[in-house]
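Some notes on the structure that comes next.
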Amino acid sequence: MPADQAPYSRPGSTTHEVTNQPPPLTGHDVADDPVLIEGVRREGAEWHLDALHRLGRRAGSEEVQRWADEANRYEPVLRSHDRYGHRVDEVDFHPSYHALLDVAISEGLAGAAWADERPGAHVARAAGFMVWSSAEAGHGCPVSMTYAVVPALRHTPDLAKTYEPLLTSRVYDPGLRSPAGKRGLLAGMGMTEKQGGTDVRANTTTASERPDGSWRLHGHKWFTSAPMNDLFLVLAQAPGGLSCFLVPRVLPDGSRNTFRIQRLKDKLGNRSNASSEPEFDDTVAWLVGAEGKGVRTIIEMVTMTRLDCVLGSAAGTRAALAQAAHHVRHRSVFGAKLIDQPLMRNVIADLGLESEAATTLALRLAGAADRARRGDAQERAFLRLATAVGKYWVCKRQPAAVAEALECLGGNGYDEASGMPRLYREAPLNGIWEGSGNVNALDMLRALTREPESLDAFRTEVESAAGADRRLDTAWRELQAELVLSEDAPLRARRVIERAALVLQGSLLVRHAPAAVADAFCASRLAGDRGLAFGTLPPGTDFAALLGRLPR
């Protein structure tokens with residue numbers, strides 16, 4: 001090619017010079033979050049902050065981010081039989097999944113809080129669960145179920161005496177062996193069946209009693225997660241009605257119980273966590289609680305896992321916000337950092353506001369759970385209604401918030417390498433697990449009808465902020481009119497529970513958050529003229545103050 005026709009090449013230029021890209025978000029402390037730290041102090045677990053920061057630094061490390069990616073990229077594999085044709089019903093996980101679980105158990109995020117008599121122990125556990133699950137959510141399922149099984153198991157003291165010391169252990173001891181020979185146990189639950197789903201009274205799994213006091217189960221469960229856990233609470237129809245049973249994977253004599261895993265679910269997200277369909281055929285079980293009172297017994301477990309749904313959704317929202325905030329602090333467009341562009345400031349500030357409200361409510365529920373377990377009847381009553389309210393709203397808002405945070409990264413956020421698609425796929429789960437939005441809305445109505453003391457406690461909580469903000473006062477006055485139940489209450493239930501959640505969050509922020517945060521929340525969530533998308537905070541919002549509350 002003649003010299004005068006050669007392509008132009010600027011001396012020293014390169015096509016592979018990377019500019020205007022943020023550095024990796026690694027090597028940071030996930031717990032370095034003013035909203036989280038203030039909530040932990042307020043709810044009585046300040047003594048845990050040093051350990052929380054240590055866990056936060058580990059959660060933000062490059063190593064743990066690699067574990068999270070590998071645990072989801074290399075999904076669990078079912079081995080129904082061994083090479084000789086013997087039924088084994090085991091699930092193999094990537095080593096990174098075991099590494100994540102090992103840290104979670106050793107840090108006391110499973111059952112250990114039940115063996116800790118310090119005030120605030122359950123708050124400390126909740127904060128740790130939020131920090132660690134922000135790195136990877138799937139392995140949190142067996143952690144959460146192990147935490148939640150303890151109060152349900154206490155309905156039968158003999159079983160609790162046998163298994164609780166191992167369920168509260170800080171030792172992760174994987175593998176199917178006799179429970180008595182292990183240093184720590186994990187627990188799960190089997191409630192739903194294909195013909196009934198949420199309507200567990202339509203379950204067809206049956207239970208028959210044996211002379212030695214044990215029971216035998218026959219049936220098929222539809223969605224039983226973490227099938228390699230050691231113990232499961234299972235609902236089955238006994239002669240006296242729907243009852244709760246303890247099913248171990250391995251019997252006390254070391255033999256395998258019948259727990260035939262028919263398949264693993266091919267799920268939208270939560271890919272690191274195996275969810276299965278087990279079949280029971282003369283499966284050995286022990287009755288937990290009274291015969292015919294299975295729902296009442298297992299609801300103790302469901303209440304605690306619903307709390308973890310709120311914690312997990314608040315953590316997932318915060319994790320997406322952290323990614324978005326990091327990106328816009330480093331990325332430039334049209335000659336300025338994205339964080340300095342007015343509309344992006346509005347979006348990030350609004351996401352931060354949503355996250356702060358979710359985190360504050362989640363930790364308030366954890367504080368109520370801690371005090372309720374130590375005998376506070378007022379807190380127990382508050383928890384009954386507020387858990388349903390928080391579970392509905394915080395979990396409902398997570399998918400929208402994560403989607404908006406992903407959009408802040410543009411095409412980079414749609415790339416798997418960013419980690420945002422995993423957060424997005426995970427986002428709808430908590431809204432479904434342990435009761436969909438409709439289930440929780442109807443549960444709110446049930447609490448209002450059958451447990452009026454829960455409304456009294458909720459009223460006391462909200463009215464602690466009475467007179468502090470006229471918009472909150474107006475919203476609360478309007479909500480009280482909605483709480484007077486009528487024939488169309490089920491039709492209105494979602495509207496009522498949404499307003500209850502916003503009023504409760506507003507009350508908490510007015511009392512505990514900086515004035516700029518409370519003002520922005522009341523203006524954008526409780527006042528008459530509200531934007532429907534993130535990034536619609538009104539003029540006059542103190543954006544600098546809101547941005548100062550973002551994860552650092």
Next item on the list: Being touching an Asp or Glu at 6+ places or on another chain (Cβ under 9 Å) and not β-branched (V, I, T) is the filter; apply it to segment 491-504 and report the residue that is farthest from V462 (Cα to Cα).
Entry: R492
Notebook entry, point to check: So which of L383, L365, L351 ends up being buried (at least 24 other Cβ atoms within 10 Å of the Cβ), of a type outside the set (D, E, K, R) and closer than 15 Å to G39 by Cβ?
Noted result: L365
Item checked: Candidate set: segment 400-439, residues that are outside any helix (DSSP H, G or I) and of a type outside the set (A, V, I, L, M, F, W, C); chosen: the one surrounded by the fewest Cβ atoms within 10 Å (Cβ to Cβ) -> D415
Check: Checking D173 against (1) buried (at least 24 other Cβ atoms within 10 Å of the Cβ); (2) closer than 30 Å to E75 by Cβ, which single condition isn't satisfied?
Finding: (1)
Next item on the list: Select from segment 482-524 the residues that are part of a helix (DSSP H, G or I) and among the acidic types (D, E) and write down the one among them that is farthest from L442 (Cα to Cα).
Entry: D519
Next item on the list: Looking for whichever is surrounded by fewer than 24 Cβ atoms within 10 Å (Cβ to Cβ) and either part of a loop (DSSP other than H, G, I, E, B) or touching a residue at least 12 places away in the same chain (Cβ under 8 Å) (or both) here; the options are A126, A148, A51. Which one fits?
Entry: A51
Notebook entry, point to check: Would you call T224 of a type in the set (V, I, T), under 19 Å from M301 (Cβ atoms), at pLDDT 95 or above and surrounded by 21 or more Cβ atoms within 10 Å (Cβ to Cβ)?
Noted result: yes
Next item on the list: Considering each of V295, V310, V302 in turn, give the residue that is within 30 Å of A349 (Cα to Cα), aliphatic (A, V, I, L, M) and either out of contact with any Cys (no Cβ under 6 Å at 6 or more places or on another chain) or assigned by TED's automatic domain parsing to the domain that holds T198 (or both).
Entry: V310
Next item on the list: Would you mind finding the one in T156, T168 that is in contact with a helix residue (DSSP H, G or I) (Cβ under 7 Å, 6 or more places away or on another chain), of a type in the set (S, T, N, Q) and more than 21 Å from E75 (Cα to Cα)?
Entry: T168
Item checked: Among the residues listed as A45, A115, the single one being at pLDDT 95 or above, surrounded by fewer than 16 Cβ atoms within 10 Å (Cβ to Cβ), of a type in the set (G, A, S) and out of contact with any Phe, Trp or Tyr (no Cβ under 6 Å at 6 or more places or on another chain) -> A115
Checklist line | Search result, residues across segment 452-507 that are loosely packed, with under 15 Cβ neighbours inside 10 Å and touching a residue at least 60 places away in the same chain (Cβ under 8 Å) | finding: D456, T460
Note to self: List pairs: first residue in segment 365-390 and more than 16 Å from V496 (Cα to Cα), second residue surrounded by fewer than 17 Cβ atoms within 10 Å (Cβ to Cβ) and among the polar types (S, T, N, Q) anywhere in the structure, Cβ distance under 8 angstrom, at least six positions apart or on different chains.
What the structure shows: Q378/T460; F382/T460
Note to self: Within segment 59-72, take every residue that is without any contact (Cβ under 8 Å) to a residue 60 or more places away in the chain and not in a loop (DSSP other than H, G, I, E, B) and give me the one that is nearest to N229 (Cα to Cα).
What the structure shows: E70
Next item on the list: Would you mind finding the one in V91, V35 that is surrounded by 14 or more Cβ atoms within 10 Å (Cβ to Cβ) and within 19 Å of the chain's Cα centre (by Cα)?
Entry: V35
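Output the residues belonging to segment 386-396 that are buried (at least 22 other Cβ atoms within 10 Å of the Cβ) and not small (G, A, S).
T387, V389, K391, Y392, W393, V394, C395
The values are calculated or read from the model by the stated rules, or taken from the named source; none is laboratory data. Keep in mind the model is a prediction, meaning the values are calculated, not measured. Note that we place each Cβ from the backbone using ideal geometry, even for glycine, and neighbour counts take in every protein chain shown.
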